[in-house]
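**Student:** Sharing a structure here in structure tokens format.
The values are calculated or read from the model by the stated rules, or taken from the named source; none is laboratory data. Computed from a predicted structure; not experimentally measured. Cβ placement follows ideal geometry from the backbone for every residue including glycine, while neighbour counts extend to all protein chains displayed.
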Amino acid sequence: MASVPLKYAWFPGCVSRGACRELYQSMTRVATVLGIELVELKEAACTGAGVISERQPDVADAINTRTFALAQRLGLPLLNNCSTCQGVMSAVQARLHADPHRLQRINEALAEEGLRYDGGLSIKNFLWALVEDYGLDRLKRLVTRPLTSLRVAPFYGCYILRPAEKLGLDERPERAQYLEWVISAVGAEPVDFPGKTRCCGFPILTMNRRNSLTMAGKHLADAQDLGADCMVTPCPLCHLNLDAQQPDAARTIRQPLALPILHLPQLIGLALGLSPRELGMQKHIVSTRRIEQRLRQAPAGALAG
Amino acid sequence: MQATLKVRRYTPEAAAGDGSPREPQYQTYTLDVPDYFTVLDALIKIREEIDGTLAVRCSCRAAVCGSCAMRINGQSRLACKTKLIAIAPQGQTVTVEPMANMPVLKDLVVDMEPFWAKIRAVQPWLQPTGPKPEREYIVPNEAMLGLNGVMACIMCGACVSACTVLEIDQNFLGPAALAKAYRFVHDPRDGKTRERLAELNKYGGIWDCTHCFECVTACPKGVAPMDRILELRHDAVTHGFTNTNGARHAEAFTELVRHSGWLDENRLPVQSVGLFNIKELVQLMPVGLRMLIHRKMPPIIHRPIPGIENVRRLFAKFSHE
């Protein structure tokens, strides 16, 4: 199969430029190795993460439509690396497509900066793009360090799975298995556990800290008990609750936890032969040393092909 | 077609004495069924023809009475509305379990009392104020249109079974009771809107929902309880209930994005708990310190995105109030 070069308008999201800069770093490094061109939408605003829409639903729709129009001006599909961004964008797109008057009103406002959204934009999280646009066979051919000794628990994040009809899962129910597919494609073993599609608790961290940390702790403990070496997520907000808050989650559920959490591009990057440092793994709160030890058992190039 | 159902069997009373298992265990039944069979049809057939000890609660078999909610392959849904051929076209094993977040009485039958207690807690009856009309209360049709969705609730409990917060905290009112509360907060005949919102604004109420969409997915009637909860949050704020972390969080989030186009993650948590909330500010310190040590702190200087004036213009044009 001939390799078609891929190019996206890239929406990195707030967290990958803030508290998870290792996601931005690993996403750009991995895209380069994969041969995916990313044109960063530096002018695009935050999606609102479903929070702005609580206070100002029309504003949330308008600022996201502006982002769609910025991508459409470039003639490129939109790529994000956050389950939450994906959920908000898919929901806004569904509302616009169902209500042409709403789109028209927003387009009138966007015209002041010469923008217009005509609908029909492809909006994909990196996970979806990897499977549907890039292809896992193509990815497998680039794997120089199969992660054969690694047991990886998937963690999706609510907004890339629900509501199913807005996220295209009605037509593509397999989207709920992509993480497992990717884990297998890079040579690792997926660890199935009940919490993989549940909530990490992050949205209520400031409202009900105890509940939020109990939710995170429960999923971490379940995955750990099932023998996972690490967890992987396409959502940096889940990453914040599962990694940065993990010591507090352990105290809350009164159980020791030491489960490294990888951003999706980091898992791919390791299999592509990039070093943990190049992928920003030293920035994680929970040490990723255990993963590095496992990888030393299967050094780069050892099982290529 | 051949159907295989793996059913969770359990009788909590150790001395049930009817031959049913005393610890939860799964029992697999294989039976021939017509293509049009639902999961409930199959369960009834099992009970009538294979194993009379299987307990299942049902009545209308038409997704109206709300009696047969259970977990089917892990998803909370009505057994009578779930066709076997749709979920197991090749005769795959279908796992059937009682609803979660409620005590099991026997097999697939749960104790709904905690569910009803929470429904009662939101005072699900009309409380008009002012003089009574001579005849009925007159309401224009359009004033009730927004309530159609939520009035479709059949109290099956599927949303409660699916709720991720109830899984770890039974204090939460939960999606069914909050959707029911919405029905009365938004009823134009009700006079206790403010008092209702004051109650819902408390611990265990609207701000404890984690926004996971599980209840929206589970509801067989399109009530979308989570969407109603988010509307109640908006109602609470517009009625002046702004002294909660949730209300401050939404306000701070919106203002930070209006200001710079993207989130300032250093300021959001501080503004959410409130500048003078020493106890919770102290709670934020360990994670802040950890992030500082790992060079994970968001940039101290938070620059607006290029073209921020265009984002601010959209905020000005589309903001309400």
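**Student:** Tally up the residues in the stretch B:226-244 that are touching a residue at least 60 places away in the same chain (Cβ under 8 Å) and facing chain A (nearest Cβ under 10 Å), please. Outline the logic, then answer.
**Tutor:** Initial filter on the stretch B:226-244 (touching a residue at least 60 places away in the same chain (Cβ under 8 Å)): B:228, B:238.
Of the ones still in play, those that are also facing chain A (nearest Cβ under 10 Å) are B:238.
Going through the stretch B:226-244 one residue at a time, the tally reaches 1.
**Student:** Examine the stretch A:133-151 for a residue that is outside any loop (DSSP other than H, G, I, E, B) and free of Cβ contacts under 8 Å to residues at least 40 places away in the same chain, and state whether such a residue exists. Steps first, please.
**Tutor:** First, pick out the residues of the stretch A:133-151 that are outside any loop (DSSP other than H, G, I, E, B): A:133-134, A:136-142, A:151.
Then drop every residue that is not free of Cβ contacts under 8 Å to residues at least 40 places away in the same chain, which leaves A:141.
Yes: the stretch A:133-151 contains one or more residues that are outside any loop (DSSP other than H, G, I, E, B) and free of Cβ contacts under 8 Å to residues at least 40 places away in the same chain.
**Student:** If you don't mind, there's one more thing I want to ask. Which of the residues belonging to the stretch A:128-174 are within 14 Å of chain B (Cβ to nearest Cβ) and closer than 20 Å to A:His97 by Cβ? If you could, list the steps in order and put the result at the bottom.
**Tutor:** Step one: list which residues in the stretch A:128-174 are within 14 Å of chain B (Cβ to nearest Cβ), which gives A:155-167, A:169-170, A:173.
Of everything in the stretch A:128-174, those that are within 14 Å of chain B (Cβ to nearest Cβ) and closer than 20 Å to A:His97 by Cβ turn out to be A:Tyr159, A:Ile160, A:Arg162, A:Pro163, A:Ala164, A:Glu165, A:Lys166, A:Leu167, A:Leu169, A:Asp170.
**Student:** What number of residues in the stretch A:198-217 are under 22 Å from the mean Cα position of the chain (by Cα) and more than 7 Å from chain B (Cβ to nearest Cβ)?
**Tutor:** 7
**Student:** Could you please find all residues in the stretch A:20-40 being surrounded by fewer than 24 Cβ atoms within 10 Å (Cβ to Cβ) and more than 22 Å from A:Val131 (Cα to Cα)?
**Tutor:** Matches in the stretch A:20-40: A:Arg21 only.
**Student:** Turning to a different aspect of this structure: Could you say which residue among A:Pro154, A:Pro146, A:Pro190, A:Pro203 is touching a Gly at 6+ places or on another chain (Cβ under 6 Å) and modelled with pLDDT of 95 or more?
**Tutor:** Criteria check complete, one pass: A:Pro146.
**Student:** Within the stretch B:184-205, identify whether any single residue is within 9 Å of chain A (Cβ to nearest Cβ) and crowded, with 24+ Cβ neighbours inside 10 Å, and answer yes or no.
**Tutor:** Checking the stretch B:184-205: not a single residue is within 9 Å of chain A (Cβ to nearest Cβ) and crowded, with 24+ Cβ neighbours inside 10 Å.
**Student:** Then there's this: For A:Val88, indicate whether it is of a type in the set (Val, Ile, Thr) and surrounded by fewer than 21 Cβ atoms within 10 Å (Cβ to Cβ). Reasoning before the result, please.
**Tutor:** Values: of a type in the set (Val, Ile, Thr): yes; surrounded by fewer than 21 Cβ atoms within 10 Å (Cβ to Cβ): no.
It is false that A:Val88 is of a type in the set (Val, Ile, Thr) and surrounded by fewer than 21 Cβ atoms within 10 Å (Cβ to Cβ).
**Student:** Examine the stretch A:43-61 for a residue that is at pLDDT 95 or above, more than 12 Å from chain B (Cβ to nearest Cβ) and in contact with a Phe, Trp or Tyr (Cβ under 8 Å, 6 or more places away or on another chain), and state whether such a residue exists.
**Tutor:** no
**Student:** Sort through B:Val33, B:Val56 and tell me the only one that's crowded, with 16+ Cβ neighbours inside 10 Å and either under 25 Å from A:Thr197 (Cβ atoms) or under 30 Å from the mean Cα position of the chain (by Cα) (or both).
**Tutor:** Working: B:Val33 fails: either under 25 Å from A:Thr197 (Cβ atoms) or under 30 Å from the mean Cα position of the chain (by Cα) (or both).
None of the others qualify; the one that does is B:Val56.
**Student:** May I ask you to list the residues in the stretch A:16-42 that are aliphatic (A, V, I, L, M) and within 7 Å of chain B (Cβ to nearest Cβ)?
**Tutor:** A:Ala19
**Student:** If you take the residues in the stretch B:212-225 that are part of a loop (DSSP other than H, G, I, E, B) and at the interface with chain A (Cβ under 9 Å from one of its Cβ atoms), which one is surrounded by the most Cβ atoms within 10 Å (Cβ to Cβ)?
**Tutor:** From the stretch B:212-225, those part of a loop (DSSP other than H, G, I, E, B) are B:212-213, B:219-224; that's our starting set.
Next cut, at the interface with chain A (Cβ under 9 Å from one of its Cβ atoms) only: B:212-213, B:224.
Numbers: B:Cys212: 26, B:Phe213: 24, B:Ala224: 21.
So the residue we want is B:Cys212.
**Student:** Being over 27 Å from B:Arg233 (Cα atoms) and part of a strand (DSSP E or B) narrows it down to one of A:Ala44, A:Ala9, A:Ala69, A:Ala31, so name that one. So that I can check it myself, show each step before the final result.
**Tutor:** Numbers: A:Ala44 fails: part of a strand (DSSP E or B); A:Ala69 fails: part of a strand (DSSP E or B); A:Ala31 fails: part of a strand (DSSP E or B).
Step by step, each of A:Ala44, A:Ala9, A:Ala69, A:Ala31 is checked, and only A:Ala9 is over 27 Å from B:Arg233 (Cα atoms) and part of a strand (DSSP E or B).
**Student:** Within the stretch A:234-284, count every residue that is without any contact (Cβ under 8 Å) to a residue 12 or more places away in the chain and under 27 Å from A:Gln177 (Cβ atoms).
**Tutor:** So the count comes out to 0.
**Student:** What helices (runs of 4 or more DSSP H) lie completely within the stretch B:245-321 and have 1 or more residues being touching a residue at least 12 places away in the same chain (Cβ under 8 Å) and within 7 Å of chain A (Cβ to nearest Cβ)? First the steps, then the outcome.
**Tutor:** Working: elements: B:245-260, B:267-273, B:278-293, B:308-318.
Correct list: B:245-260, B:267-273, B:308-318.
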